[in-house]
Structures are given as structure tokens and as C-alpha cells.
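Encoded as C-alpha cells, the structure appears first; notes follow it.
The values are calculated or read from the model by the stated rules, or taken from the named source; none is laboratory data. What you see is a predicted model, and the numbers here were worked out from it, not measured in a lab. Note that each Cβ is placed from the backbone with ideal geometry, even for glycine, and that neighbours are counted across all protein chains shown. Note: areas computed on protein heavy atoms with side chains; ligands, DNA, RNA excluded. Shrake-Rupley method; radii C 1.70, N 1.55, O 1.52, S 1.80 Å.
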Protein chains: 2
Amino acid sequence: MSRRIRHTPFTKKVEECGVTGFTVVNHMLLPKAFKKSVDEDYWHLQSHVQIWDVSCQRQVQITGPDSEYLVQKMTPRSIKNMSTGKCFYIPIIDENAGMINDPILLKLDNSKFWISIADSDVLLWAKGLAIGLDLNVFIEEPEVYPLAIQGPKAEDLMTSLFGEEIRSMNFFEFKMFEIFGKEQVIARSGYSNQDGFEIYFNGFLEGEKLWQLIWKSGSSFNISPGCPNLIDRIEAGLLSYGNDFTRENNPLECNLEKYCTNASPHDFIGKITLEKIKTEGVNQKIRGIVFSGDACQSCAKPLLVYSTNNIKIGQITSGIYSPRLKKNIGLSMIKKDYWNVGTEVIIKTADNKLTKGTISSLPFSK
Amino acid sequence: MSRRIRHTPFTKKVEECGVTGFTVVNHMLLPKAFKKSVDEDYWHLQSHVQIWDVSCQRQVQITGPDSEYLVQKMTPRSIKNMSTGKCFYIPIIDENAGMINDPILLKLDNSKFWISIADSDVLLWAKGLAIGLDLNVFIEEPEVYPLAIQGPKAEDLMTSLFGEEIRSMNFFEFKMFEIFGKEQVIARSGYSNQDGFEIYFNGFLEGEKLWQLIWKSGSSFNISPGCPNLIDRIEAGLLSYGNDFTRENNPLECNLEKYCTNASPHDFIGKITLEKIKTEGVNQKIRGIVFSGDACQSCAKPLLVYSTNNIKIGQITSGIYSPRLKKNIGLSMIKKDYWNVGTEVIIKTADNKLTKGTISSLPFSK
């Protein structure tokens, strides 16, 4: 432990709640588990409400006259018609169309954006581009620490705290709410398959106070501490940057075609390469796999996937046993000739056993 | 555990050696401790030789006609007279002269450089700049995994493996050696206060074979598995990016004046700001502190430092009890009026006790 791996405003609270492990995202602690099994946590998340310290979703704040220009330069998704108050899931790609991140973009006003990032230093990418292109922007990481409220009872809990306006919010919209005398962003969003909200909390010192406030009101909704749940995430087909895809992959391989439409007339980094890839077609894509065998715990290392005639056709990078589907499920990058839904495949498990699987669409059907 | 936090070619070997914890640097595992105390490890490192998996020191490889131009653009340190085969410690700064990284630069030839980085995505910074400036460079992270051999017996061990040429190498020089039929970089360098070498090993699959080779020859030199040792590092005054300094700090605050000389006539990012800071002088600098009280274990959170008249004057970001000096020692960013060697200060320890300390120069005298 050192300052290099940063604490969050809520770290003390998650420790009080019995966190049993952390991982590191964006040089910051992300709780990985509490004193309950992934299964128990999954069922709780399906039925009640949870509070997640996702402060590691750091914001890259871009302001100034050229801010919209720079943001647009960074993504194939058009932001021309994006309104203030909207959240956009955007691929950020490099000159080879390789994925640099898959963040949520928030438009705070015409010249103020937050890029709420997965695990890579997008701030350095944006600053490098801005300096090289001599743009008039100011790029910083603000003191904003997202706290997620996830689960079917999230709306009721959030309404009890912040009023009826919460109910009027659509998915991937945000509004401003006053918390402790300060205007704060609350979005209807979250890294789960459930309803939920993310409070983009500004104010390190009052983090514990906010947690306490939510925790207290949450008791009548059976609130529990939590973190992104692997079963729920895989069922939803939510990808994890650095794990399910990397800079080696382009957005078309990651099923992000709809954010790379030919209708985008705007210029962006990687456009020429991406158009070429689009014309030629990709050779692999992320698919679901349903597979048999012993209950999969997780994928510390990717599980290799073979065709029935023993050709290596891909790998499962996120895998787990789904207690709802009563089967193992996984996210996998699969070669073209084998990616059709229903294709039978062979998986080599962590203990080197061979087991049967079937290509599935994403998200996994409920 | 997932692919997002990457294993190294040596992870299996460090596990076999009884690693008891990992940290994460550059999205990769770095062993943090083995089955021995920091003290035991420290004394071993002073007397024998250790093998460290420092694969997380990722290389940002910059090649192509504009590679030297780009590298020079990224640092105030002049590389004009840098020869092939040299290692340079360089500050990399942004437009505000804020530290982005403090890597080791290796010049492989006139148009091929490796930037061996501390914990931030310098690759994204370099690529952003290159695209923005429209430079003719190719920037990649090669499959190179540094393995450090550190300690006073490192020269003998390395000579037994790679021949007498090892002895002829000066500190911060590298040479090419054939390992398993491939030309490999070996530098005389390392993140310790001792003599040592770093093998920039190219070839993930043969990592365990290399470890085994060194381990076998190492037995007659009392080899032990290890990792950067906190006592040794602090005694040496070696800084840790993200911990002892961040993007909030400029290189002059980090005692890197000698890499920011006015004699540098070259252009680099942050030059105007850095020159201004140099003219005005900085208000804080990294200093050593020797302090009394209970034996300091480490600094999960920085320890606040006060003047004797109770003004907050800085914080200790790396601290530990030195069994050699028989005192606690720390690295701290200290305000101008108090940074003179010998100044008496007060430290608030992790358990909120006040204890006395004295400002010291760096490195700590042996």
C-alpha cells in the first residue's frame, strides 16, 4: 500500500463493510469482494440495492473552446447531436483503430465534457493530442468520485434521498442535484444488468458522509455493499477493457458497429484504418459461449477455445457459472468461421479438461 | 485476477518461490513480498544477489525517422550527445511541467529508443503527441520483460552466465548478449542501492527457462527471490512515481535540476513553464527526514510533517525503519522555509502520535 495506488473517499467505509479484497483500476482501489460469495451477491443485486465504490472510474475533464472538437476527434461515434445531460458509450481508438478505452462520455455543457474511463490513462492520450494539435482546451482529472447505487430498488432509494425527479430520469441521462450544498451530477447508469444510478460525487472529504446518508436510508431497502458482479456482468455482455479486449482489437471486433456508422461524416483518429477494416470485414468478434463441465469460478488466465475438429478459434476472457442459467457462461473473442450462434466448440478449462460449449448471442438471455 | 492485470513470463516462478503479495504497475503484476521480513530481505540484498521480476517496467518503443525528435520533445534532458548503448534517467513532463513519468531511456540505435517506464501510460502520451504533431514514428510496447539481478554478487553471477564482458560494463550502459539464440539487452542498472543488472528479456515463452538458468547458477551466490526493497530504496533516495511525486509536481521539486539545465537549447513540451518556474524558484522540494518514535512500517497514507511551531510543511510519502541507521527514514516533499538540512520538524505518525524528526540530504548517508 502506498499513495501510488490511491484510496477513495469511500475506502474507509468499504473497509468497515468488510471488503475482502481490492483490485486496481486507474491507479485507484476498486473493491473486489465482500464477505459473501459471488452467487449470494448476484442474487442480492437482482432483488435489492447495492452501494458500489467505483471512484476508479476517473473523469477526464475537457473544457475550453476546442473541447468538442477534441472529443469528436477521439471517437468514431458522432457527438454532433449530443445534448447536455446525456451519457454516450464511446469507443476511443488510436490511428490503427485499436481500442484505447471504452468510456462513458458526459456532456456537461457545450464546452465541458467528462470522459468516465475504464483502465487506461486517457488523460495522457487526450493531452498528447491536444498539445500536438495545438488545441485550446484544458484537460484535468477533477476531484470527482463515482458512487454507484445498483439494483431494482435503486430508484426507490434514490428517490427517498433526492426526490421525485429521480424517477423522471431515463437511462444514460444525468441531472444536477444539490448534495451538501453543492451541485452534483447523478446519472442513470452503471456497470450492471440492473437499474441503477451513479453519483459523480465531487468532494473527497464529504465522501463518508454521503455513504452514511445512503446507507442509513438504504436499510429499509435491504442495501448491501457491493462491486461489479462477475455473473451479472457476463450475463449482460458488459465488456472489461484490458481483459475482454485490448489495444490489439478494433471496435468492430467488440460489437461496437453502431458507434462506428458510415453515416459519421466527421473526422476522427483512426478513421482511414477503421473504414478499411469495415470494408474488408473483421476476422474475429466477441461472442457469448455457454459451456458445460465443473462450475467455472473465473478466468485468471484466458481459456482456449477450439473447434470440434481441434482448430484454435479463440479464448474466453471472462467466464463464470451462472446460477440462473445453470450453466457456465463466458465472453470470448471468436474467429469468423465459428462465430455463428449455435456453433459447437470445445473449451480447455483452467485444470486442462476439455468440455463442450455453444456459441451464444450477447447479452445472454434471461 | 483477470487478463486486465497481466501476468509476466516469470509469474509462475515467483509463485514457486513463495511470493506472498503482488502490487500492480503498468497493468502488470509486480511481486511485493516473499516469505521473509523486509529487514531480512534488506540484509540479504546488501550481501548477496537477488532475482526480481520487474517485467512491469514496460518499454515504450519508439522507432522511425522522427523518433529522436519525439523523444527529445518529451524531456528537458538533452539527448543530443546520447550514444547508442547508454541509459538516461529522464523526466517526462507535460505542458505545465508536471511530471508524467521518470523512466530510463535506452538508445538502441539512432532511430530506436526504449522508454522503460514507471507507473503511467507513457505509450498513450507519446502516441497522442506523435499523431498530433504528424510525426513519422512507430510506437509500440514490445514483448520485453525486464528481469533484475541485484546485489553485490550480481556481477559475479552475471559473469558466470554471460562471460567476462559483463565486468566491463559501466553503470547505466547496456550491451547485447545472446540468450537462447536471440540478441538481448543487458543493462547495468536497477531500482536498488546496490550493484546490479537488468535483462530486458524478449520472449515470453522462454521466461521460465531464463529464470531457471539464473536460479541454478545463483545457488552458489546465495541467490534469493526479491523485489524492490523499501528500506534500500528509501536509503538510496530512489523515488516512486505516483507516490513520492505526481503530475502535480515539477522536476525541480523532485531534485531533477541536473536534467533540466539552462544549457539545453532544444525545444521540449513544458519548456516555457519550466523556465518560468526555474526563474521564480520552487516552493517545495523532496528531502529526506530522519525521525524517532516507534519503528515505521510503511506509509499506506502519507504522514503529515509540521514545523516546530505547528505549521504544516509537507508530508512523508515513503517511510520505514532503517535497521542500519537505527532510525526511521522517509522521503518527503517539504516547503521552502523548512527544507534546509538539519531543520527540526514534527511528524504525525500513522497512529496519530507526534514524533521528532530532522531534515536530511538524500541519499541517506551509509
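Kindly tabulate the residues in segment B:1-23 with an accessible-area decrease of at least 40 Å² between the chain alone and the assembly of all protein chains, using a probe of 1.4 Å.
Residues losing area: B:MET1, B:ARG3, B:ARG4, B:HIS7.
If you take the Cα Rg of chain B and divide it by 2.2 N^0.38 Å, with N the number of residues, what do you get? Write down the numbers at each step before the final one.
Working: Rg = 20.7 Å, N = 366, 2.2 N^0.38 = 20.7 Å.
Expressed relative to 2.2 N^0.38 Å, the Cα Rg reads 1.00.
Taking a label point 7 Å from Cα toward Cβ, how far is B:GLU183 from its twins in the other copies, in nm, shortest first?
6.1
Note the full-extension length gain between B:LYS209 and B:LYS86 as 0.36 nm times their separation in residues minus their Cα-Cα distance, in nm to one decimal.
41.5 nm
Would you grab the residues whose amide H sits under 5 Å from the one on A:ASN101? Only those 5+ places off in sequence or on another chain, please, with H modelled 1.01 Å from N.
Placed amide hydrogens put A:ILE92 under 5 Å from A:ASN101.
Starting with the highest mean, order B:55-66, A:47-58, A:161-172 by the number of other Cβ atoms within 10 Å, averaged over the residues of each peptide.
Values: B:55-66: 21.8, A:47-58: 23.7, A:161-172: 13.2.
Most protected by this proxy first, the peptides run A:47-58, B:55-66, A:161-172.
Which value, in debye to the nearest 20, describes the size of the charge dipole of segment B:35-186 about its Cα centre when Lys and Arg Cβ atoms bear +1, Asp and Glu Cβ atoms bear -1, and nothing else is charged? Working shown, then result.
On the way: 14 positive and 23 negative charges, 51 e Å.
Roughly 240 debye, rounded to the nearest 20.
Rg and Dmax of segment A:1-103, using alpha carbons, in Å: what are they?
Rg and Dmax of segment A:1-103, Cα atoms, are 17.9, 49 Å.
Hey, what do the phi angles of segment B:59-73 turn into as Karplus ³J(HN,Hα) couplings, whole Hz, using 6.51/-1.76/1.60 and θ = phi - 60°, x for Gly and Pro?
9, 9, 8, 10, 10, x, x, 9, 4, 5, 4, 5, 4, 5, 4
In segment A:292-310, which residues give up 50 Å² or more of accessible area once the other protein chains are added, compared with their chain alone (1.4 Å probe)?
Residues meeting the cut-off: A:ALA300.
Return a whole-number percent for the relative contact order of chain A, with Cα pairs under 8 Å and 6 or more residues apart as the contact set.
17 percent
Along Cα→Cβ at 7 Å, what distances in nm separate the B:THR159 label point from those on the other copies, shortest first?
Computed spacing set for this position: 7.9 nm.
Leaving ligands, DNA and RNA out of it, report the carbon-plus-sulfur percent of the accessible area of chain A at a 1.4 Å probe.
50 percent
Mind checking Rg over Rh on segment A:96-192, alpha carbons, Kirkwood formula for Rh?
Rounded to two decimals, Rg/Rh equals 1.03.
Note down the magnitude of the dipole of segment B:80-160 about its Cα centre, charges +1 on Lys and Arg C-beta and -1 on Asp and Glu C-beta and zero elsewhere, to the nearest 20 debye. Could you put the intermediate results ahead of the total?
Numbers: 6 positive and 12 negative charges, 72 e Å.
Its charge dipole is roughly 340 debye.
What is the interface area between chains A and B, defined as buried accessible area summed over both chains with a 1.4 Å probe, reported in Å² to the nearest 100?
Working: alone 16450 and 16440 Å², together 29280 Å².
Using a 1.4 Å probe on protein heavy atoms, the buried area is about 3600 Å².
For A:ASN340 and A:GLU183, compute 0.36 nm times the residue count separating them, minus their Cα-Cα distance, and round to one decimal in nm.
51.7 nm
Rounded to the nearest 0.05, what FRET efficiency do A:GLU275 and A:ALA295 have when you use their Cβ-Cβ distance and R0 = 41 Å?
Taking R0 as 41 Å, the efficiency between A:GLU275 and A:ALA295 is 0.40.
How far is A:PRO265 from itself in the other copies, in nm, if each label sits 7 Å out from Cα along the Cα-Cβ line, shortest first?
5.0
Taking 7 Å along the Cα-to-C-beta vector as the label spot, tell me the A:ASN352-A:SER219 distance in nanometres, rounded to one decimal.
5.4 nm
Averaged per residue, what accessible surface does chain A expose to a 1.4 Å probe, in Å²?
Accessible area per residue, chain A: 40 Å².
Using the Karplus equation 6.51 cos²θ - 1.76 cosθ + 1.60 (θ = phi - 60°), what ³J(HN,Hα) coupling, rounded to whole Hz, does each residue of segment A:196-212 give in order, writing x for Gly and Pro?
x, 9, 10, 8, 8, 7, 9, x, 3, 5, 9, x, 5, 5, 5, 4, 4
Based on Cα positions only, what radius of gyration and what Dmax would you give for the protein assembly as shown, in angstroms?
26.1, 78
Relative contact order, percent, of segment B:234-366 when contacts are C-alpha pairs under 8 Å separated by at least 6 residues?
On the way: 249 pairs, mean separation 39.9, N = 133.
After rounding, I find 30 percent.
If you place +1 on the Cβ of every Lys and Arg and -1 on the Cβ of every Asp and Glu, how big does the dipole about the Cα centre of segment A:153-290 come out, in debye to the nearest 20?
220 debye
Provide a list, ordered by number, of residues in segment A:242-290 showing at least 30 Å² less accessible area with every protein chain present than when their chain is taken on its own, using a 1.4 Å probe.
Relative to the lone chain, where solvent access is computed with a 1.4 Å probe, segment A:242-290 loses at least 30 Å² at A:GLY242, A:ASN243, A:ARG247.
For segment B:104-176 and segment A:235-292, what is the separation of their C-alpha centers, rounded to whole Å?
33 Å
Taking 25 Å as the cut-off for C-alpha to C-alpha distance, list the pairs among A:LYS32/B:LYS327; A:LYS301/B:LYS112; A:LYS13/A:LYS153; A:LYS112/A:LYS278; A:LYS13/A:LYS327 that go past it.
Violating the 25 Å limit, Cα to Cα: A:LYS32/B:LYS327; A:LYS301/B:LYS112; A:LYS112/A:LYS278; A:LYS13/A:LYS327.
So, R0 is 22 Å and r is the distance between the beta-carbons of B:LYS36 and B:PHE171; what FRET efficiency does that work out to, to 0.05?
0.20
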